[in-house]
1. Take residue B:215 and tell me if it is more than 14 Å from chain A (Cβ to nearest Cβ) and surrounded by 20 or more Cβ atoms within 10 Å (Cβ to Cβ).
2. Mind checking whether some residue in the stretch B:178-190 is part of a helix (DSSP H, G or I) and within 12 Å of another protein chain (Cβ to nearest Cβ)?
3. Inspect all residues belonging to the stretch B:48-65 and state whether any of them is under 18 Å from the mean Cα position of the chain (by Cα), in a helix (DSSP H, G or I) and surrounded by 17 or more Cβ atoms within 10 Å (Cβ to Cβ).
4. Is it true that some residue in the stretch B:28-47 is modelled with pLDDT under 90 and surrounded by 16 or more Cβ atoms within 10 Å (Cβ to Cβ)?
5. Please indicate, with yes or no, whether at least one residue in the stretch A:183-196 is buried (at least 23 other Cβ atoms within 10 Å of the Cβ), in the same structural domain as residue A:306 (by TED's automatic domain parsing) and assigned to a helix (DSSP H, G or I).
6. Restricting attention to the stretch B:121-133, does a residue exist that is more than 14 Å from chain A (Cβ to nearest Cβ), closer than 20 Å to residue A:174 by Cα and touching a helix residue (DSSP H, G or I) at 6+ places or on another chain (Cβ under 7 Å)?
7. Would you be able to tell me the number of residues in the stretch A:286-304 that are more than 10 Å from chain B (Cβ to nearest Cβ), under 42 Å from the mean Cα position of the chain (by Cα) and more than 20 Å from residue A:214 (Cβ to Cβ)?
8. Quick check on the stretch B:197-209. Is at least one of its residues surrounded by 17 or more Cβ atoms within 10 Å (Cβ to Cβ), touching a helix residue (DSSP H, G or I) at 6+ places or on another chain (Cβ under 6 Å) and more than 14 Å from chain A (Cβ to nearest Cβ)?
């Protein structure tokens with residue numbers, strides 16, 4: 001029976017250098033799916049790649065061989081030489097762990113920014129690509145569709161997507177409460193640390209497309225600017241930028257405040273009093289806290305943002321639990337389906353064997369009785385057919401019932417020995433094709449008509 | 001019939017307000033739709049009542065403060081209903097509908113002594129004068145409600161202390177732009193209303209300015225709004241100060257309306273019975 005495996009790495013497991021490689025790789029057009037014909041032990045394959053994660057979801061007969069092949073494929077994809085160790089950055093989930101992980105990813109619970117909606121679209125694209133390469137069959141087809149519906153369930157039944165979950169998310173939410181639409185707003189990043197990057201990413205997601213970076217080292221500023229299609233200004237010139245900026249994210253390592261009360265006070269009139277929102281995520285703080293007293297100026301430092309998050313901590317915890325529960329529930333449902341699926345090939349083989357015997361015997365009989373009319377032949381066909389059907393009914397019902405048990409493998413093995421299916425019974429490989437939503441039971445009925 | 005319609009209208013406004021107050025706590029779109037519709041029904045009955053009155057007395061029914069306030073409530077509700085369609089800011093109803101109820105109820109408690117019949121009130125000038133001023137004041141009342149919403153929301157964000165309303169209220173910029181819109185459309189109407197008033201006074205009393213208390217208060221109100229408009233346009237005043245000023249402005253409107261009509265005497269007064 002084939003195993004589901006999920007192998008990959010994400011922002012939690014891979015260090016920045018490796019993730020940078022990932023970011024380069026995720027812009028490539030080459031899809032590792034084209035290697036599938038060369039992966040002898042891998043049966044089905046879905047490849048998901050975002051800038052923060054790369055994951056191979058596959059089924060294989062031999063676990064060790066399959067994982068070895070996929071690791072090699074991953075190495076080729078992100079262009080790592082064999083000398084760089086990779087194993088410590090990778091996670092490998094098998095079977096239900098893999099299913100659960102996929103569900104977590106799809107519902108954006110495993111994202112860098114929990115609840116961000118992009119991931120589902122990326123997963124759908126990964127699925128479409130896999131279909132294009134004919135890389136998905138029964139199991140992954142079903143699994144991917146299930147993951148989409150799980151994501152939808154999580155989104156509708158919890159507020160994971162909407163409640164503030166991280167400092168930068170909280171900052172963006174506040175900005176939306178001040179400005180409403182952020183699309184025409186201008187964001188100034190002072191300092192280009194990781195936090196600034198995260199906040200910038202969040203603002204980009206909200207449709208901000210005018211962004212300016214000021215950093216002491218220009219190189220880093222340009223790097224960040226490149227990534228977000230932003231402009232750069234010299235670090236000394238950022239105060240002038242304040243006249244045309246709406247949102248400022250400050251995260252420098254300065255020991256003294258770099259923005260003072262009078263810097264802002266004097267510029268508000270030139271700004272025609274347009275609101276100005278400061279997000280100070282630096283420690284020690286970059287911005288004089290008295291700035292908040294100026295009309296139409298709002299200042300939030302890291303503690304304030306933390307306070308916003310803590311406000312709905314309990315609620316968030318509750319929501320996370322609900323989401324977890326949904327995912328566990330769906331994982332169990334999927335396992336039941338998987339289990340019954342493994343009974344399917346057995347049942348199919350039993351029916352096939354019986355049908356083969358029937359046809360052979362009928363052929364012999366008809367050869368000995370050349371005078372039979374068509375009507376009589378038809379009657380014999382029906383007669384033999386219904387004998388087999390009735391005879392096999394109970395064993396098949398038995399098998400289906402056992403399919404829900406953990407010990408099903410034992411029963412399946414027993415049944416296969418009983419009917420002597422293993423020698424030359426090719427039926428074991430012909431699992432029912434397609435029908436993503438059909439229930440396993442329906443499939444056993446329709447598999448052989 | 002007419003008073004029955006008024007009662008029905010009041011009941012409609014009351015239930016719409018109740019609906020909108022529940023909406024404040026529960027974000028159900030259905031609730032808003034029902035409340036809006038109930039308010040519309042109320043406005044239809046109210047409109048019918050005002051129309052009957054106008055037909056029966058043969059002039060615009062603004063000669064008693066009761067009539068005037070009732071007509072103003074109607075104009076206010078209709079303005080809200082139309083603006084709501086345009087703005088799609090459902091929470092606005094929770095702040096506007098109580099005002100409508102207050103106007104409506106206070107109109108029924110106010111004295112209804114009628115000014116002596118005067119041919120002056122039959123003129124088309126009066127209709128323009130009263131009409132534009134009422135629409136302007138309705139817009140100012142909306143700006144007043146929005147100003148309160150703004151101040152509440154601004155307080156949440158500034159003090160970093162988030163009440164339950166924080167989630168429900170829209171963004172500051174949205175509120176400010178609505179207030180701006182109300183002000184910029186209300187101010188020209190108010191100016192036009194005042195000018196027609198003075199012009200008509202010049203025709204019937206042969207002098208545009210009669211030191212009538214209402215005239216004085218109106219001009220004071222106009223100056224408040226003129227300052228606000230000027231500051232907004234020229235200096236870019238917005239936000240908290242603008243919200244406070246629009247609240248002050250509408251308080252002046254109310255003072256003009258009630259104060260001049262009830263307490264002081266003049267040719268707008270209904271108490272003294274003087275013309």
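The values are calculated or read from the model by the stated rules, or taken from the named source; none is laboratory data. Since the model is a prediction, treat every value here as computed from it, not as a measurement. Positions of Cβ are generated from backbone atoms using ideal geometry, with glycine treated the same way; all protein chains shown enter the neighbour counts.
1. Working: more than 14 Å from chain A (Cβ to nearest Cβ): yes; surrounded by 20 or more Cβ atoms within 10 Å (Cβ to Cβ): yes.
When the stated conditions are applied, residue B:215 passes them.
2. Within the stretch B:178-190, the subset part of a helix (DSSP H, G or I) is B:178-190.
From what is left, the residues that are within 12 Å of another protein chain (Cβ to nearest Cβ) are B:178.
Looking for residues that are part of a helix (DSSP H, G or I) and within 12 Å of another protein chain (Cβ to nearest Cβ), one finds at least one in the stretch B:178-190, hence yes.
3. yes
4. no
5. Yes, the stretch A:183-196 has at least one match.
6. Taking every residue of the stretch B:121-133 in turn, none turns out to be more than 14 Å from chain A (Cβ to nearest Cβ), closer than 20 Å to residue A:174 by Cα and touching a helix residue (DSSP H, G or I) at 6+ places or on another chain (Cβ under 7 Å).
7. Number satisfying all stated conditions: 1.
8. Yes, the stretch B:197-209 contains a residue that is surrounded by 17 or more Cβ atoms within 10 Å (Cβ to Cβ), touching a helix residue (DSSP H, G or I) at 6+ places or on another chain (Cβ under 6 Å) and more than 14 Å from chain A (Cβ to nearest Cβ).
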